[in-house]
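Data block below; observations after.
The values are calculated or read from the model by the stated rules, or taken from the named source; none is laboratory data. Predicted model only: the values in this text are computed from it and were never measured. Backbone-built Cβ (ideal geometry, glycine too); neighbour counts: all protein chains shown. Accessible surface areas use protein heavy atoms only, side chains included; no ligands, DNA or RNA. Shrake-Rupley method; radii C 1.70, N 1.55, O 1.52, S 1.80 Å.
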Amino acid sequence: MTFPDDMELAVALYMAETASPRSQAIERLLREMLGRTSYLTAKAESLISLVPEVQNAHSR
């Protein structure tokens, strides 16, 4: 999945800070942001799992 440059930078920085693979960094950043804004409902939680990188990370 390709994001705008500022999102790619945020993912890269998070990966570097936490030594996480890209898929985990994307998942954690989404969960953090959605949790802070109270948008992390059961439906949003299930949508995160549909992101290809998240699916691939969980299948390993």
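Summary of computed values
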quantity: Pair list, Cβ < 9 Å and 6+ apart or interchain, from the range 14-28 residues that are closer than 17 Å to residue 4 by Cα to residues that are of a type in the set (Phe, Trp, Tyr); calculated: 25/14; 26/3; 26/14
quantity: Every residue from the range 1-15 that is at pLDDT 85 or above and open to solvent by 80 Å² or more (accessible area, probe 1.4 Å); calculated: 9, 13
